[in-house]
Amino acid sequence: MPLMGEMVLLIDPRGKRYLVRVEEREFHTDLGILKLGELTAKDYGESIKTHKGKEFRILRPTVRDYIEKMKRGPQIVHPKDAGLIIAYAGISPGDTVVEAGVGSGALTIFLANAVGPNGRVISYELREDFARIAQRNIEGIGFDDRVTIKLKDIYEGIEEEYADHIVLDLPQPENVLPHAVEVLRPGGYFVAYTPCANQVHRFFQAFQEYREHFYKPRVVEVLVREQEVKKECIRPRTTMLAHTGYITFLRKL
């Protein structure tokens with residue numbers, strides 16, 4: 001049962017989704033007005049009606065629901081890439097993750113969800129406007145208890161004594177390699193997300209100096225193609241979410 005102040009996902013009869021906070025106010029839609037305070041007397045899976053009698057189904061939102069609806073500034077790391085980063089690096093509850101290039105905070109939120117309330121995500125960001133957007137989004141989902149955003153340049157160094165993993169969304173991740181060698185725990189992953197092939201090439205040129213510190217690198221990209229499922233025909237959609245970035249994984253020895 002939703003509590004006052006919590007976020008809930010409402011789905012209208014057309015399938016349109018709304019992410020709202022439970023509070024004593026009216027929420028206006030083209031299908032009528034909802035009194036959000038009434039949600040406290042409902043349970044997930046039940047419905048709430050507008051003044052026009054239209055039913056909205058109540059669901060507990062997932063992290064992805066929140067990220068799809070949150071305020072954005074710069075381009076986010078897509079769920080397909082964030083999921084692979086977490087899976088391949090084995091990011092787990094209780095881990096400490098140093099991140100850089102926080103942007104709108106989407107990857108930060110995925111990482112914070114993975115490390116849980118006993119973990120930490122320390123995010124380095126140079127631009128104050130991006131940091132403000134990310135902080136607002138992180139507070140909105142309630143992860144500010146485990147995320148710290150620093151207005152600092154990670155190229156100049158990592159202040160933390162150790163990290164279980166380092167995850168970067170930066171144009172020159174090779175500049176962080178000398179700091180990662182000192183800070184990253186054995187067995188932890190250095191992950192670099194870069195959109196362009198020439199960035200990967202430049203990174204690997206710089207990596208040769210640090211090769212002895214890491215297990216053999218791995219570079220992947222994730223392509224997602226949804227299927228159209230109809231009674232008469234099942235076929236791939238004509239559009240797909242193809243290249244967004246290359247993800248490089250290094251494991252500290």
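The values are calculated or read from the model by the stated rules, or taken from the named source; none is laboratory data. What you see is a predicted model, and the numbers here were worked out from it, not measured in a lab. Please note: Cβ atoms are built from the backbone with ideal geometry, for glycine as well, and neighbour counts cover all protein chains shown. Remember, those area values only see protein heavy atoms, side chains included, never the ligands or the DNA or RNA. Shrake-Rupley method; radii C 1.70, N 1.55, O 1.52, S 1.80 Å.
From the list 140, 73, 94, which residue is on the phi > 0 side of the Ramachandran plot, open to solvent by less than 50 Å² (accessible area, probe 1.4 Å) and not hydrophobic (A, V, I, L, M, F, W, C)?
It is 94.
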Only one of (1) open to solvent by 50 Å² or more (accessible area, probe 1.4 Å); (2) in contact with a helix residue (DSSP H, G or I) (Cβ under 6 Å, 6 or more places away or on another chain); (3) assigned to a loop (DSSP other than H, G, I, E, B) fails for residue 64. Which number is that?
(3)
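Looking only at strands (runs of 3 or more DSSP E) that fall completely inside the stretch 162-253, which ones have 3 or more residues that are in contact (Cβ under 8 Å) with a residue 24 or more places away in the chain? If you could, list the steps in order and put the result at the bottom.
Values: elements: 163-168, 184-194, 214-220, 227-229, 234-236, 246-252.
By residue number, 163-168, 184-194, 214-220, 246-252.
Tell me, please, whether a residue that is assigned to a loop (DSSP other than H, G, I, E, B), under 18 Å from the mean Cα position of the chain (by Cα) and among the charged types (D, E, K, R) can be found in the stretch 14-36.
no
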Looking at 211, 202 in this structure, which one is at pLDDT 95 or above and surrounded by 15 or more Cβ atoms within 10 Å (Cβ to Cβ)?
202
Pairs, first among the aliphatic types (A, V, I, L, M) in the stretch 124-145, second part of a loop (DSSP other than H, G, I, E, B) and open to solvent by 60 Å² or more (accessible area, probe 1.4 Å), C-beta under 8 Å, six or more apart:
126/151; 126/152; 131/151; 133/71; 133/72; 138/144
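Tally the residues that are open to solvent by 90 Å² or more (accessible area, probe 1.4 Å) and over 24 Å from residue 195 (Cβ atoms), restricting the search to the stretch 220-235.
Count: 6.
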Any pair with Cβ under 9 angstrom, 6 or more apart, that starts in the stretch 31-59 at a residue that is without any contact (Cβ under 8 Å) to a residue 40 or more places away in the chain and open to solvent by less than 50 Å² (accessible area, probe 1.4 Å) and ends at one that is among the small types (Gly, Ala, Ser) and assigned to a strand (DSSP E or B)
50/32; 53/32
Could you say whether any residue in the stretch 236-246 is closer than 29 Å to residue 184 by Cβ, among the hydrophobic types (A, V, I, L, M, F, W, C), surrounded by 13 or more Cβ atoms within 10 Å (Cβ to Cβ) and in contact with a helix residue (DSSP H, G or I) (Cβ under 7 Å, 6 or more places away or on another chain)?
no
